[in-house]
Structures are given as C-alpha cells and as structure tokens.
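S.K.: One structure coming up, written as structure tokens, with questions to follow.
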C-alpha cells in the first residue's frame with residue numbers, strides 16, 4: 001500500500017540537487033513526496049558491507065531525516081541479484097522503493113540502466129518481479145516515453161508489464177532518452193497512460209509554475225505531478241501549487257524571500273555531508289533571475305568555503 005501523501009506535488013530525484021537539506025525544505029513547503037537522489041545498487045551493497053564492519057547503517061551513505069517522510073529511495077542498476085540485495089538493504093529505512101528507468105545520462109544508460117532499459121522488455125519484467133518479491137514496501141517506477149523518436153511509445157508496453165507485476169505507481173516523463181531535457185515533454189502521452197492504467201500516474205516534465213501544474217492535471221487527469229528543475233532554488237513552488245489547486249491563487253515571493261530560503265537551506269545543510277561544490281550550485285540556483293545575478297554567480301563560483309559563500313549571499317541580501 002502506498003502511504004498517504006499530504007499533497008499532489010512531488011519533488012523529483014535529481015543527482016546533486018535533491019540532497020537531504022533541499023528535500024526537507026521542499027517537504028516543509030508542501031511537497032507531498034520527496035525522493036532521494038538515484039543510487040547505484042552496487043554502491044549500496046558495497047557501502048553496507050563497510051558500514052556493518054563499523055557498526056553503522058546505510059543511513060551514513062543515503063542521508064535523510066524522519067521529517068521527510070513519506071520518503072522514497074530511488075535505485076538504478078539491472079543486475080537482478082544485486083537489485084534484490086540492495087532493495088532488502090534499503091527497505092527498513094524508506095517508505096517506497098522507486099526504480100529508475102528514465103535517466104538519460106550516457107554513463108547510466110551504458111550500464112544497461114536508467115532509460116536504456118525501456119528497450120529490454122524481458123529484463124524489465126524480471127526487474128519488476130525481483131523488486132516486488134524482494135520487499136514488502138510499495139515499489140514504484142520512473143520512466144520516459146522511449147529511447148529515440150522512432151521508439152517513443154515504448155512506455156505503453158513497459159507500463160502494462162509494470163502494473164501486471166505489482167508496481168504501485170508510475171512517474172512518467174514524456175520525453176525520449178535521446179531528447180535528454182531538450183524540446184518539450186508531450187503531455188498527451190501522460191493522458192494516454194492515465195486512461196489505460198488502474199494505478200496512480202504521476203506526471204513529470206516542464207512544470208515551472210503553479211499554472212503549469214494545474215494545466216497538466218486538467219489536461220491529463222494525472223493523480224500527482226512531479227517537479228524537478230522547476231523546484232531548483234525555488235522550494236516555494238510546492239506551496240504555490242497546493243494553494244493554486246485549492247483556491248486558484250497563490251502567494252508571490254520576492255528575491256529577498258528566495259535568499260532567506262537559501263539561508264534556511266544552508267542551515268539545514270550543516271546536518272549532512274553535502275559537498276561544498278553542491279552547496280555552491282544550490283546557491284547559484286537560488287540567485288536565478290536576480291538583478292546582478294550573473295556577477296554574483298561568478299563570485300559564488302570563486303568562493304572557497306561556507307563562510308565566503310555566506311558573505312556573498314549576505315551582501316546580495318542587503319542589496320536586494
């Protein structure tokens with residue numbers, strides 16, 4: 001059984017972006033579900049062995065906090081034995097096990113993982129069976145429409161198999177793997193998938209405003225929406241979407257609010273082992289669209305530590 005979600009807007013897993021501090025922030029701003037950055041099944045197994053020897057748990061590797069719940073962990077990798085083992089390792093800590101069949105990054109698709117699996121019907125079926133049989137927690141799936149434009153309807157068969165094998169929810173990003181993040185996602189495909197599915201469908205792709213979220217829900221009838229790049233440096237989007245869906249209006253936030261929000265993020269980040277390079281990237285996202293933003297981003301790039309970074313952001317705050 002899927003947990004109960006507090007809202008229809010979810011935060012997408014994004015490598016180097018959806019760290020535990022940003023996830024918690026989005027959760028506090030009204031995200032109904034947050035998902036960890038996708039994690040290689042072989043890394044989970046290797047780390048677990050190491051942690052056992054030091055009397056630690058996998059939480060040292062995939063950091064999270066109880067306040068994020070319901071929390072989904074996203075796995076990738078297609079070795080069935082490793083998949084079963086990794087799923088069992090993470091199961092006690094998470095509410096949902098999500099499987100990635102959407103990542104378009106070449107270093108992932110080369111390993112017969114992520115979006116490349118859309119072409120492998122038999123292997124995909126075995127993956128779903130393995131996961132669903134390995135754990136008692138609900139298993140969900142993230143897919144793209146296909147691999148190339150010529151195979152952009154692969155999602156139809158994969159979604160059908162997923163449902164038959166006991167996958168409980170599908171997040172669908174209707175772009176092909178070869179598209180990456182270019183062009184537009186084809187929301188009519190989400191509508192098509194929703195019409196033939198009896199499990200919840202999460203629409204994903206190109207939601208950057210509350211209006212986008214409402215249009216996607218109205219046009220496709222999807223159960224939930226997942227926001228990735230639109231939430232970068234903008235955790236307010238979840239609250240805005242929730243308000244807009246309920247009341248047709250929402251609060252606008254200023255750049256000062258955005259900077260405030262970055263300081264909240266910075267404060268949360270001290271509790272986790274987040275790389276400084278990732279924190280700098282987050283700082284850049286929070287300054288998007290600001291007056292003098294490009295100069296500021298140059299300063300951020302050159303900053304050497306948190307103290308320097310905080311000073312740059314403080315100066316920006318006083319100027320805004």
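S.K.: How long is the gain from residue 311 to residue 153 if the chain were fully straight, where each residue apart is worth 0.36 nm and the alpha carbon distance is subtracted? Please list the in-between numbers first.
M.R.: On the way: separation 158, 0.36 × 158 = 56.88 nm, distance 5.00 nm.
Length difference between fully extended and current span is 51.9 nm.
S.K.: For the chain, what does the helix formula give at 222 nm: sum of -39500 (n - 2.57) over DSSP H segments with n ≥ 4, over the residue count, nearest 500 deg cm²/dmol? Show your work: numbers first, answer last.
M.R.: Values: 13 runs with 145 residues, N = 320.
That calculation yields -14000 deg cm²/dmol at 222 nm.
S.K.: Something else about it: Sort 298, 11, 259, 80 by Cβ crowding within 10 Å, fewest neighbours at the top. The partial results should precede the final answer.
M.R.: On the way: 298 11, 11 27, 259 20, 80 16.
If I rank by nearby Cβ atoms, fewest first, I get 298, 80, 259, 11.
S.K.: For segment 91-140, evaluate the Debye formula with one uniform point scatterer on each Cα (no solvent term) and list log10 I(q)/I(0) at q = 0.30, 0.31 Å⁻¹, rounded to two decimals.
M.R.: For the requested q values the scattering log ratios are -1.06, -1.09.
S.K.: Further, regarding this structure: Does anyone have the angle between helix 236-247 and the longest principal axis of the chain? Alpha-carbon axes, 0 to 90°, nearest 10?
M.R.: 70
S.K.: Sort 103, 222 so the one with the fewest other Cβ atoms within 10 Å of its own Cβ comes first.
M.R.: Working: 103 23, 222 26.
Placing the least packed residue first, the sequence is 103, 222.
S.K.: Related question: Which whole number in µm²/s is D for the chain by Stokes-Einstein, with the Kirkwood Rh taken over Cα pairs at 25 °C and 0.890 mPa s? Walk me through the numbers before you get to the answer.
M.R.: On the way: Rh = 20.2 Å.
My calculation gives 121 µm²/s for D.
S.K.: Treat each spin label as a single point 7 Å out from the Cα along the C-beta direction, and report the residue 67 to residue 294 distance in nm.
M.R.: Inter-label distance under the simple model: 3.7 nm.
S.K.: I'd like the orientation of helix 276-286 relative to the chain: the angle between its Cα long axis and the longest Cα principal axis, in ° from 0 to 90, rounded to 10.
M.R.: 80
S.K.: Between residue 254 and residue 214, what FRET efficiency comes out of the Förster formula 1/(1 + (r/R0)^6) with R0 = 35 Å and r the beta carbon distance, rounded to 0.05?
M.R.: In this case the efficiency is close to 0.95.
S.K.: What translational diffusion coefficient, in µm²/s and rounded to a whole number, does the Stokes-Einstein relation yield for segment 255-319 at 25 °C and a viscosity of 0.890 mPa s, taking the hydrodynamic radius as the Kirkwood radius over Cα pairs? Display every interim value, and only then the final one.
M.R.: Details: Rh = 11.7 Å.
Answer, rounded: 211 µm²/s.
S.K.: Could you pull the Rg and Dmax for segment 91-182, using just the Cα atoms, both in Å?
M.R.: Final numbers for Rg and Dmax: 12.7, 41 Å.
S.K.: In what sequence, highest mean first, do 49-58, 194-203 appear when ranked by Cβ atoms within 10 angstrom?
M.R.: Numbers: 49-58: 11.9, 194-203: 16.9.
Ranked by mean Cβ neighbours within 10 Å, highest first: 194-203, 49-58.
S.K.: Then there's this: Using the 10 angstrom Cβ neighbour count as an exposure proxy, how do 207, 312 rank, fewest first? Present the calculation step by step, with values, prior to reporting the outcome.
M.R.: On the way: 207 27, 312 19.
Exposure proxy ranking, most exposed first: 312, 207.
S.K.: Tell me the label-point distance for the pair residue 28, residue 129, using the 7 Å Cα-to-Cβ offset, in nm and rounded to one decimal.
M.R.: 4.6
S.K.: Evaluate 2.2 N^0.38 Å with N set to the residue count of segment 165-320, then give the Cα radius of gyration divided by it.
M.R.: On the way: Rg = 18.4 Å, N = 156, 2.2 N^0.38 = 15.0 Å.
Computed over Cα atoms of segment 165-320, the ratio equals 1.23.
S.K.: Then there's this: Roughly what angle does helix 187-196 make with the longest principal axis of the chain, taking Cα atoms, 0 to 90 degrees, to the nearest 10?
M.R.: The helix 187-196 is inclined about 40 degrees to the chain.
S.K.: For segment 32-114, what number results from the quotient of the Cα radius of gyration and 2.2 N^0.38 Å?
M.R.: Values: Rg = 12.8 Å, N = 83, 2.2 N^0.38 = 11.8 Å.
Output field value: 1.08.
S.K.: Moving to a separate point now. Could you order peptides 229-241, 66-78 by the average number of other Cβ atoms within 10 Å of their residues, highest first? Don't jump to the answer; show the numbers that get you there.
M.R.: Numbers: 229-241: 23.4, 66-78: 20.2.
Put in order of decreasing packing, that is 229-241, 66-78.
FYI, it's all coordinate maths here, none of it is from the lab. Bear in mind the structure is a predicted one, so any value in this text is a computation, not a measurement. Cβ sites come from the backbone with ideal geometry, for glycine too, and all protein chains shown count toward neighbours.
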